1. Can you find even one residue in the stretch 175-187 that is assigned to a loop (DSSP other than H, G, I, E, B) and out of contact with any strand residue (DSSP E or B) (no Cβ under 7 Å at 6 or more places or on another chain)?
2. Considering only residues that are assigned to a helix (DSSP H, G or I) and either more than 12 Å from the chain's Cα centre (by Cα) or within 16 Å of ligand 2 (Cβ to nearest atom) (or both), which ones fall in the stretch 146-163?
3. Only residues that are surrounded by fewer than 18 Cβ atoms within 10 Å (Cβ to Cβ) and either assigned to a helix (DSSP H, G or I) or touching a residue at least 60 places away in the same chain (Cβ under 8 Å) (or both): list them for the stretch 121-140, please.
4. In the stretch 25-57, which residues are surrounded by fewer than 17 Cβ atoms within 10 Å (Cβ to Cβ), touching a strand residue (DSSP E or B) at 6+ places or on another chain (Cβ under 6 Å) and more than 16 Å from residue 80 (Cβ to Cβ)?
5. For residues that are near ligand 1 (Cβ under 7 Å from one of its atoms) and under 18 Å from the mean Cα position of the chain (by Cα), tally how many sit in the stretch 8-36.
6. Just to be sure I understand the filter: pairs with C-beta atoms under 9 Å, separated by 6 or more residues or on different chains, first member in the stretch 27-49 and closer than 11 Å to residue 210 by Cα, second member within 14 Å of ligand 2 (Cβ to nearest atom) and part of a helix (DSSP H, G or I). Which pairs pass?
7. Mind telling me which of the residues 105, 112, 151 ends up being in contact with a helix residue (DSSP H, G or I) (Cβ under 6 Å, 6 or more places away or on another chain) and farther than 27 Å from residue 26 by Cβ?
8. Which residues, counting only those in the stretch 60-101, are in a helix (DSSP H, G or I) and either buried (at least 20 other Cβ atoms within 10 Å of the Cβ) or in contact with a strand residue (DSSP E or B) (Cβ under 7 Å, 6 or more places away or on another chain) (or both)?
Ligand code: ADP
Ligand code: MG
């Protein structure tokens, strides 16, 4: 079953065309890794999926709902697509537990006790049960990002979107985040991941997409694409990441 469908999707910022008639279908359970030069439209593509950016041409359908539908449908789409950003974006005044429990209470209408139980379970899943009562400032970057993943999972999304989730982390902290992501993939979560971690793409990705100038220029099995890049530009890109 296809969970995400780009149909000649375009996105302009004023005169600037950032996504150029993208056709892309993502099936349930796929782990799609997106790579490409800075400015090629990777973040915009992710942000269009959950309606953080409005598309300006074509259509984009998420779990059967068009992002062009009304506000109510857009809220549903946002619940179904959890997003993790480069800069964690946790609520600084809340503890890890409160950060994770916030969404289920607001969005899913869980009671305080239910949300707390769910949040504790998710913090345990990302290896942070013992940090539940710490505030973000008391956590390392890798721990903050794992809380951010737990927070996104808390609203029970059907798809997880990751925008360079390890780019702000020191090398030794990247791995703990990649491990959680690998575990999610193994559990069958549908994921779209923008990353420069080529080893992760190769091991965990079911599909690798290389973007250039708002278009998909390569789309294929990660090992094949990485080991025998079908274009010189991709070959060059891979040599420099
Ligand atoms: P990537 O994530 O691949 O680096 P982005 O999707 O962030 O690329 O950006 C693609 C292009 O769109 C860039 O030229 C960027 O400057 C431009 N862009 C992104 N967001 C905005 C915005 N809100 N307003 C205007 N231009 C933007
Ligand atoms: Mg980006």
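1. yes
2. 146, 147, 150, 151
3. Of everything in the stretch 121-140, those that are surrounded by fewer than 18 Cβ atoms within 10 Å (Cβ to Cβ) and either assigned to a helix (DSSP H, G or I) or touching a residue at least 60 places away in the same chain (Cβ under 8 Å) (or both) turn out to be 121, 124, 125, 129, 130, 137, 138.
4. Matches in the stretch 25-57: 25, 56, 57.
5. Here the count works out to 1.
6. Filtered contacts from the stretch 27-49: 34/42; 34/45; 34/46; 35/42; 36/42.
7. Exactly one of 105, 112, 151 is in contact with a helix residue (DSSP H, G or I) (Cβ under 6 Å, 6 or more places away or on another chain) and farther than 27 Å from residue 26 by Cβ, namely 105.
8. Within the stretch 60-101, 73, 76, 77, 80, 96, 97, 99, 100, 101 meet the criteria.
The values are calculated or read from the model by the stated rules, or taken from the named source; none is laboratory data. As the structure is a computational prediction, the values presented were derived from the model and not from experiment. A quick note on method: Cβ atoms are made from the backbone with ideal geometry, for glycine too, and the neighbour counts reach across all protein chains shown.
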